[in-house]
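Here it is: the structure, laid out below.
Read the figures in this text as sums done on the coordinates, not as results from a lab. Remember, predicted model here, so these are calculated numbers, not experimental data. A quick note on method: Cβ atoms are made from the backbone with ideal geometry, for glycine too, and the neighbour counts reach across all protein chains shown.
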Amino acid sequence: MSSLSTPAPPSATGAASDPRRWKALVLLALVQFMFALDGTIVNPALPTIQNDLGFSASGLAWVVNGYTLMAGGFLILGGRVADLFGRRRMFVAGTIVFAISSAVSGLAQNPATLIGARFGQGLGEALAAPAALSLVVLLFHDPKERAKAIGAWGGIAGLGATLGVVISGIIVNEISWRWIFLVNLPVAAIVVFILPRMVTESRMEGDRKIDFMGAVFVTGGLTLVVDGLLNASDHGWGSDNVLIPLLIGTALLIGFGLSQAASKAPLVPLRFFRNRTRITANLATVFAGAGFFTMFFTVTLYMQDVLHYSPLKAGLAWGPFGLMLFVGMAVSMPLLPRIGVKAALTASFVISGLGLYLLTSITPEAHYASHVLPGMLVMAFGQSISFIGLQNSALHKLGPADAGLGSAMSNTSQQLGGSLGLAILVTIALRHTTSRISDGVSPPVAATDGYVWALRLAAAAMIVGAIVVATLFEKVAFTPPDKQALEAAEASAGELSMSAAR
C-alpha cells in the first residue's frame, strides 16, 4: 500500500499529526464549497441561459438533471475507486474533470454542449467528493479535531448550497451567466497545484474488483427514464420519443438489480437492504429531493419569467430560505432526541408539504412578501429537520465497513429524487401550460398555472413521504451528526491503520 496521507493515529504509532492538516482542510473544503455551490448556482441563470442558447422548456430541465443524475449515479462508484486506487489521485482527477467540464459549460454555444458538460461536472464531483472526505478523515487523528473538521466540512457544504442562488444572481446580473461556470477554474487550478504537495497518497489494500457495469446500468437507466418523462411534455405518452427511452431505461434498471445480486463486488451489497428503517430513509429522501428541487426550479422561473425579477433580485429573494435552514437546524438539533426521529421526520414532511402548498397561492400579480416568502420559510424549516433526521436514519445500524456506503446512498437518493421529481412534475406543469395556452389563456397566466400544478404535486409528494415514514419507520434513537461523523471517522482510521500494519 502507498503511504497514508497522514501517519496512523497516535494511539497506534505515537506519530504526531501533520502540521499542514488545517491548510489542507481549507483546500479540500474549498472544492466541496464549489461542488455545493454548483448544485444551486445555475437556478437563477436558467431563464437567461434559455434565451441565449435557445433551450426548450423541457430541455432546460437537463441543465439541472444532467448534473444531478451523473453525480448521484456515480457517487458510490467514485468512493470505491478512490479507496482502492488512491484518494489523492482520484480527488485530483475528479477536480480536473470538473474544471474542464466547467470551462466547456461556460463556453457552450448550444444546448447539447451545455448539457453534455453538465454531465461531465457531475462525474467530476462523483470522483472527487468521496475522496476529499476520506482525506479529511485521514488528516485528523485527534478525535476532537476530527469532529470539528468534519463539522466544518458539513457547514461549508450547506453554506455553498445556500449562497449559490445569491452569487448566481450577482454574476448573471453584473457580468454574464457564463461566469457561474468559469469561476470554478481558478479555484480548481489552485487546489490541483497546491494540494498534492500537502498530502501523500493513500488507498486500501484488498480485492480490486469494481462493479463499473452496475454504475453504467443505474446511471444510464435513470437518464433514459428521465429523458422519456421530459419528452412527454412535447409528445404523446404513446410516441416513440417517450416509450423507447422509458422501456430501455427500465430494462437497464432491472439489469442493475440483477447485476447487484450476481456480482461478487456489487456497488450496493444486498445486506444494505436488510434494514427497514434504512431503506425507508432512502425512499423518503427521494420524495424530499423531488419536492426540494421542484420548488427551486419552478419558483425561480416564476420569479423571473412571470414577476420579471432580475437575476440579482431573484437570487437575493432566496436569501431568507437559506437563513431559515440554519435556524431550523439549530432548533431541531435539541428537539430530535426528545421527540424521536420518526415523529420529527413525519412532522418535517408535513411542514414541508404545507410550505409548498402555501406557494401554490402565487398569481401573475402576486407579491413576494405575501405570496412567496411565507411558503418559502415554512418549506425551509421543514427541510432543515429532514436533512438531519434522514442523514441520521440513513446510517442506522451500519457497521464501519458500510458507513461510507450509507452516506453515499443517502446523497444519491437525494440527487436522483431531484432528477425524477423534475422530470415528472415539470413535465406535468409544461403539459398543463401548453393546454392552457391552446385554450386562449395568456402565457403568464398559463405559466403560473403550470407552476402551481407542479408545486401542488410536490406538496403531495411530501405528504406521501410523511405517510411512508409514519408507517414504515422503526423507532430510532437520535445520534448527533458530530458524534456519528466521529464514530465513522474513528472506524475508518482504525481500518486504515490495520491496513498499513499489514
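How large is log10 of I(q)/I(0) for segment 229-375 at q = 0.12, 0.17, 0.18, 0.19 Å⁻¹ when the intensity is taken from the Debye formula with one equal scatterer per alpha-carbon?
Log-scaled intensity ratios, in q order: -0.82, -1.11, -1.14, -1.16.
Expected output is a single nm value to one decimal: the length gained when fully extending between VAL331 and ALA112, i.e. 0.36 nm times separation in residues minus the C-alpha distance. What is it?
Contour length minus Cα-Cα distance gives 74.4 nm.
Under a plain spin-label model, where a point goes 7 Å from the Cα along Cα-to-Cβ, how far apart in nm are PHE85 and THR434?
For the pair PHE85/THR434, the computed spacing is 4.2 nm.
Starting at the first residue of segment 48-65, write each ³J(HN,Hα) from the Karplus equation 6.51 cos²θ - 1.76 cosθ + 1.60 with θ = phi - 60°, in whole Hz, x for Gly and Pro.
5, 4, 4, 5, 6, 9, x, 6, 6, 4, 6, x, 4, 4, 5, 5, 8, 5
How far apart, in nm, are two points set 7 Å out from the Cα along the Cα-to-Cβ line at VAL26 and at HIS308?
The two pseudo-label positions are separated by 4.7 nm.
Here is a follow-up. Using only the alpha-carbon atoms of segment 207-277 as identical scatterers, what base-10 log of I(q)/I(0) does the Debye formula give at q = 0.26 Å⁻¹?
So the normalised log intensities are -1.01.
Rounded, prolate or oblate for segment 308-363? Axes are the square roots of the Cα gyration tensor eigenvalues, ordered a ≥ b ≥ c, and the cut-off for rounded is a/c under 1.5.
Oblate, because a/c is 1.5 or more while a/b does not exceed b/c.
Suppose R0 equals 41 Å. What FRET efficiency, 1/(1 + (r/R0)^6) with r the Cβ-Cβ distance, do ASN275 and SER176 give to the nearest 0.05? Display every interim value, and only then the final one.
On the way: r = 48 Å, r/R0 = 1.18.
Efficiency, rounded to the nearest 0.05: 0.25.
Could you please report the charge total around SER361, scoring K, R as +1 and D, E as -1 over all other residues with beta-carbon less than 14 angstrom from its beta-carbon?
Taking every other residue near SER361 into account, the sum is -1.
Now for a separate question. Work through the residues other than ALA45 whose Cβ is under 15 Å from its Cβ and net out their charges, Lys, Arg +1 and Asp, Glu -1.
That works out to -1.
Applying 1/(1 + (r/R0)^6) with R0 = 30 Å to the Cβ-Cβ distance of ILE248 and SER56, what FRET efficiency is obtained, to the nearest 0.05?
0.85
Determine, for each peptide in 222-230, 105-113, the mean count of other beta carbons within 10 angstrom over its residues, then list the peptides with the highest first.
So the order, starting with the most tightly packed, is 222-230, 105-113.
Right, here's the next one. Which whole-Hz ³J(HN,Hα) couplings does segment 316-332 yield from phi under the Karplus relation 6.51 cos²θ - 1.76 cosθ + 1.60, θ = phi - 60°, glycine and proline marked x?
Residue by residue, segment 316-332 yields 5, 5, 7, x, x, 4, x, 5, 5, 4, 5, 4, x, 5, 5, 6, 6 Hz.
Taking R0 as 41 Å, what's the FRET efficiency between TYR368 and ALA265 from their Cβ-Cβ distance, rounded to 0.05?
Once rounded, the FRET efficiency stands at 0.20.
Could you sort the peptides 38-50, 85-97, 252-264 by per-residue average Cβ neighbour count (10 Å cutoff), highest mean leading?
On the way: 38-50: 24.8, 85-97: 22.4, 252-264: 14.8.
Per-residue Cβ counts within 10 Å, averaged per peptide and sorted highest first, yield 38-50, 85-97, 252-264.
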